[in-house]
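The values are calculated or read from the model by the stated rules, or taken from the named source; none is laboratory data. Note that the coordinates shown come from a computational prediction; the quantities given were computed from them, not determined experimentally. Cβ sites come from the backbone with ideal geometry, for glycine too, and all protein chains shown count toward neighbours.
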């Protein structure tokens, strides 16, 4: 295992050097004697091309994040666009070898219906209903936290992923229902691995889809998403993205009969014309102090909070994203003991040749030293892989290795996982 980890780190260093070389070679050499218009032309050359931006938007799991970006990038096209109602689906199948056995499984397959109606100038009604399919692997609870079924299922093989209605203008959205969280606007920077990942950001906490606590696909959430066009200090910055959400009375994951009180989340993302962005998010789930004596036995000693800071940067042939999270009474071990801890995730990709891409990164989540109820539990793994993209992130085949150094609460080692799979979005 240690040799595998060393090999991965050497590979990631090589990937970093390749990206750095390409970025360095792309930096314009500008004489101080050049005319102002020539300098502007040189700067414009290094803005991210539209097709590159569309490629990266295609990696977003959250469709409303894509809608917000379209309002900023192509507002005239959005306003002039026709009403849209469509059925869609995504088939995601994978084969995994975990050392203890091999398994065919679903990797987040889903189908849904979405609609958008411009009932007055620059004002839309919209909605979405989406169900996940887990026909091949209904017990996928260990290796892919991001795609595990939530507690609210429509059946053993079909479960609810999203269900919301909203109203939208060029500057703000208001939605109600089950929706991707404000927290995910930042944690999504690294939630890009196929068939694994998102284990250390706190998005899918305590073995759920993050619905109850409000950091993943939030349940019963009232949410606003805004674009503040006046907050744009320089010409290279895009309008500030600001998001807020509220929940109330959601069950505490893995706890019978005790609910959160009011839960709120807030996030902000500042983007640039050059593919770089920085984001901050915070989520706070209040717990009634009268319930704490009963919760202390499983490690909960106060409100559940999750704070995250992230950055990402991409260009023609590469993408790098990282997030660091601070979690309190939010994450739990496999035996459902809660703890305070710090997480760190990194995701990177590089275009090797034509449609071939290399991917790599890691997930780390470490409980605080005083969290004795967590035992030896930690999350510590690296991922290295390759994909062949027929159409961006929408249609691909992939293979990756998850090289483990994680431990269970009882101190048992977690074995490496090797995965091959297919993702095919329709239409």
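Quick notes on this one:
- Residue match in region 176-190 (condition: surrounded by 24 or more Cβ atoms within 10 Å (Cβ to Cβ), out of contact with any helix residue (DSSP H, G or I) (no Cβ under 6 Å at 6 or more places or on another chain) and over 24 Å from residue 285 (Cβ atoms)): no
- Considering residues of region 256-270 that are within 20 Å of the chain's Cα centre (by Cα) and surrounded by fewer than 20 Cβ atoms within 10 Å (Cβ to Cβ) only, the residue nearest to residue 244 (Cα to Cα): 266
- Here residue 415 does not fit the description of being touching a helix residue (DSSP H, G or I) at 6+ places or on another chain (Cβ under 6 Å) and at pLDDT below 95.
- One residue alone among 340, 291, 301 is more than 27 Å from residue 51 (Cβ to Cβ), at pLDDT 95 or above and assigned to a helix (DSSP H, G or I), and that residue is 291.
- All conditions but one from (1) touching a strand residue (DSSP E or B) at 6+ places or on another chain (Cβ under 9 Å); (2) surrounded by fewer than 22 Cβ atoms within 10 Å (Cβ to Cβ) apply to residue 365; the one that does not is (2).
- Among (1) under 22 Å from the mean Cα position of the chain (by Cα); (2) closer than 25 Å to residue 318 by Cα, the one test that residue 74 misses: (1)
- Counting the residues of region 389-412 that are without any contact (Cβ under 8 Å) to a residue 24 or more places away in the chain and within 22 Å of residue 366 (Cα to Cα) gives 1.
- When every residue of region 231-245 is checked against the conditions, at least one turns out to be within 26 Å of residue 83 (Cα to Cα) and crowded, with 24+ Cβ neighbours inside 10 Å.
- Subset of region 233-253 (residues that are touching a helix residue (DSSP H, G or I) at 6+ places or on another chain (Cβ under 9 Å), modelled with pLDDT of 95 or more and either more than 23 Å from residue 217 (Cα to Cα) or not in a strand (DSSP E or B) (or both)): 252, 253
- Among (1) within 22 Å of residue 373 (Cβ to Cβ); (2) in a strand (DSSP E or B); (3) without any contact (Cβ under 8 Å) to a residue 40 or more places away in the chain - the single one residue 324 does not satisfy: (1)
- Qualifying residues in region 98-134 (those that are in contact with a strand residue (DSSP E or B) (Cβ under 6 Å, 6 or more places away or on another chain) and not in a strand (DSSP E or B)) - the one surrounded by the fewest Cβ atoms within 10 Å (Cβ to Cβ): 98
- Of the residues screened, residue 267 is one that is under 16 Å from residue 202 (Cβ atoms) and in contact with a helix residue (DSSP H, G or I) (Cβ under 7 Å, 6 or more places away or on another chain).
- Flag for residue 238 being farther than 30 Å from residue 402 by Cβ and either in contact (Cβ under 8 Å) with a residue 24 or more places away in the chain or more than 12 Å from the chain's Cα centre (by Cα) (or both): yes
- Residues in region 76-97 that are touching a residue at least 60 places away in the same chain (Cβ under 8 Å), part of a helix (DSSP H, G or I) and surrounded by fewer than 15 Cβ atoms within 10 Å (Cβ to Cβ): 79 alone.
- Failed condition for residue 319, given (1) under 30 Å from residue 54 (Cβ atoms); (2) assigned to a strand (DSSP E or B); (3) out of contact with any helix residue (DSSP H, G or I) (no Cβ under 7 Å at 6 or more places or on another chain): (3)
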